[in-house]
Each structure stands twice: as structure tokens, then as C-alpha cells.
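The values are calculated or read from the model by the stated rules, or taken from the named source; none is laboratory data. Keep in mind that what you see is a predicted model, and the values were worked out from it rather than measured. A quick note on method: Cβ atoms are made from the backbone with ideal geometry, for glycine too, and the neighbour counts reach across all protein chains shown.
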Amino acid sequence: MVNKNLNTFEGLNAIQDFLNPDNGPYIPLVELPAILNPFADKGVRIFAKLMNMLPLMNIKSLPAYNMLLKKRESGELQGVQTVIENSSGNTVFSLAVIARIMGIPQTKAIVSHEVSDGKLKLLRLLGTEIIVNEEPICPDPSDPTSGIYKAKVWAKENNWFNPGQYDNEANPEAHKKWTGPQIWEQTKGRVDIISVGLGTTGTATGLGRYLKSKNKNIKIIGVSRKPNNPVPGVRTDNLLRQIAFNWKDYVDYREEVGTVESFKKSLDLCRSGIMAGPSSGFALVGLLNHLKKQPPEQLAGKIAVVIFPDSPLPYINEYFEYLDNSNFPTIENEHLLQNKGKILKKEIPGEVKGLNPMEAYHLLYIDTPEKLWEKLRKNKNSP
């Protein structure tokens, strides 16, 4: 049972109801203050769509839910016990959780050999089985050595379900169905500009389809990453050529953004009260770069919405790798910290196990019984 007014979910299907986007409150749309909006004095209002406020804390949970929902409604998940997807991030993270509550116990993630340790741990934390594949982070779907290709083949061979986020129309449809209508209503139809990072391009495509049907003059800025500049979830211009969706029909302007500026802007957002990750900083920098190129007289009264897809929490280590120490406060008496920079595996006391005499002996003594008797015969002390 769902009580939308009280945001309460009860009964046997409570968690499934909670994860269903139809049942939740609108995802927050928050206006950025002047400290984060250098165009405020020119009359531009910038709003952040906080997709990290979804129940699974990331934007990919919407297409993940929709891809599984469509298959379940068609009856094609009947008897399926395993989901497999080429993803090392939020898509397969979300698929693992949603599939489990829909009755599919196993999720396999094909990940690039370049995946970060933090992502691997997060996936394993959620019970996802990992298959490492030697390939770039954003592979070519048509390459037989790519994880995308392998996921499709293995799914057919084993009666697994491969959602195929790179060409599954349920991906952009999720944003046409949920994200777009929310933005339209929350801005009272006054939105002029949308800035969104380009990864699978499902968000840009879905938003474009919905919002441009409401107002063809709405401009969409697609932000891609500079070559050799890691930013989670987004692609370079070259890698975007491999995407199946017709995203170019909806994206009006393009911007390229790099690693350091993305993580730095994310840091600014977090310190101002919005816990947004590097892909969020990335999309905001893309918008700001676009606005710099516009004649000032054309900016007054504009309302821009930036899609913030992630939180900083999965990427804590990367902030300290990509940004120099000047971005962080110093630590007083750092020399007093023990095991600095190391993560120790703590031993958790388990059930006490009974020992037989020989096992107890080996715990107490270094020598074997034979060596001990030899020392005794020679009148030597045993340690």
C-alpha cells in the first residue's frame, strides 16, 4: 500500500513500490545561488535537477527500472534467473537491486579492466558478480571483444536477460516518462535550456523528445568529455559515434569538459550544500561554458536546468587523485595518525571453535612434536 501524501510504503511489496518512480515524490529541483551561478547578475536562473535524490541515489536507476519493467510486462522475464550488463557503474548497480526485488536473484557485470577499485567494491557490496574484460571504459558495441557484444551473446546462449542500455528504447523512454514531465511542471513550462552529460545519451534523448514536444524552442546542451579525461558515465565525441539513439536530433549545442574542472565544480557544489558528484560538476561546467559564449543581452530572464546524475560518495578517492592538495584543508598533527593511507582489514570475532589437542599444540608452540622431543633429549629448552 502506498500513501503518496505521507510518502509511506507498506505491505509485502513495500520496497518495490518505493523504487517505482510512479510512486515517489518529485525529484528536487533546486535553484543555485550566485556563488555557484556567475550569470545571476545577468538575469540567468540556474536550477539543479537532483537525480541523486532518487531511492538508489543515481539517475541510472530510472532506465534500469524501466528496462526491467518493460520486459516483465511482456512476460519475457519468465524463468529468467540472471541479468547481465556491460557496466561498471550506476546502471548495473541499479539493475542488481531492482532485478532482485523483481525475483531475479543473480546479476553479472562485465567491467573494463580499467575500472576503479571503488566501483568494484560498490558492485560487490550489492551482490553483483564481476567479469573483467580487457577493453576501454566506453567500448565499441559492434566489437566482438567488447563487453557490450559479449553480454548480448552470453544472454542468448544462457537464457539470461541483457537490458542493453546502449540501444534499448526503454532507456530514453524513462526520461520521457518521468524526468521530462517533472521538469516541465516544476518550471511551470518556463525552462529555456537543459544541460546534460552525454553517456548512453538516454537522458538527452528522452528529455529532448518530451520537452521539445512541449516547446520546440527549448535548447539542449550536450556535454561530452575531453579525450583522456576520465569522468564517470560520460563519453568523448569519438565514442559517441557508437551510440544507437538519435540524440543528435535533440541536442542543439555541444560542449567539451575535462576531469579537473568537473571534480573541482563538484567540490564547490558539495561545500555549498548540494551533494553532487563529478558528473554533476561536469554538466554544470558545460552549461557555464555555453553561457559565456552568448551575447549578454540574450541571457536576461533565461531559466536553465542542469541534470545532476550522481553523488560524490563512490568517487571519494578520485577527488584526491585528480585535484591537488590546495583544494583540501591540511591535517594538523598528521604525524600522529597510525597506518596513514592504509586500509586495514579488521578481524571480526566469529564463533569460537573447539580445538583438538594437536591444533592447540600448534597454536602454542612453533616446533613440531618431533623437534620438541629431539630438543628435550638433548636437554635443550624449547621456546
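To keep it simple, each residue is scored yes or no on (1) in a loop (DSSP other than H, G, I, E, B); (2) more than 20 Å from residue 305 (Cα to Cα); (3) not polar (S, T, N, Q).
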residue: 207; (1), (2), (3): no, no, yes
residue: 211; (1), (2), (3): no, no, yes
residue: 217; (1), (2), (3): yes, no, no
residue: 233; (1), (2), (3): yes, no, yes
residue: 262; (1), (2), (3): no, no, no
residue: 265; (1), (2), (3): no, no, yes
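On the stretch given as the stretch 218-240, residues that are surrounded by fewer than 20 Cβ atoms within 10 Å (Cβ to Cβ), touching a residue at least 60 places away in the same chain (Cβ under 8 Å) and over 21 Å from residue 312 (Cβ atoms) total 2. For first residues located in the stretch 280-295 and touching a residue at least 40 places away in the same chain (Cβ under 8 Å), partners that are of a type in the set (Phe, Trp, Tyr) and buried (at least 22 other Cβ atoms within 10 Å of the Cβ) and lie 6+ apart or on another chain with Cβ distances below 8 Å form the pairs 280/308; 283/308; 284/308.
If you check residue 326 against the conditions, is it modelled with pLDDT of 95 or more and out of contact with any strand residue (DSSP E or B) (no Cβ under 9 Å at 6 or more places or on another chain)?
Values: modelled with pLDDT of 95 or more: yes; out of contact with any strand residue (DSSP E or B) (no Cβ under 9 Å at 6 or more places or on another chain): yes.
Against the criterion (modelled with pLDDT of 95 or more and out of contact with any strand residue (DSSP E or B) (no Cβ under 9 Å at 6 or more places or on another chain)), residue 326 qualifies.
Number of residues in the stretch 76-102 that are modelled with pLDDT under 95 and more than 28 Å from residue 277 (Cβ to Cβ): the value is 4. Here residue 171 clears all of (1) crowded, with 18+ Cβ neighbours inside 10 Å; (2) in contact with a strand residue (DSSP E or B) (Cβ under 9 Å, 6 or more places away or on another chain) except the condition numbered (2). Taken over the stretch 161-193, the criterion of being within 20 Å of the chain's Cα centre (by Cα) and aliphatic (A, V, I, L, M) is satisfied by 170, 174.
Looking only at residues in the stretch 17-31 that are touching a residue at least 24 places away in the same chain (Cβ under 8 Å) and under 30 Å from residue 302 (Cβ atoms), which one is surrounded by the most Cβ atoms within 10 Å (Cβ to Cβ)? Within the stretch 17-31, the match that is surrounded by the most Cβ atoms within 10 Å (Cβ to Cβ) is 27. Scanning the stretch 164-181 for residues that are assigned to a helix (DSSP H, G or I) and farther than 20 Å from residue 194 by Cβ yields a single hit, 170.
Pairs linking a residue in the stretch 304-319 that is in the same structural domain as residue 270 (by TED's automatic domain parsing) to a residue that is in a loop (DSSP other than H, G, I, E, B) and acidic (Asp, Glu), with Cβ atoms under 7 Å and 6 or more positions apart or on different chains, are 304/192.
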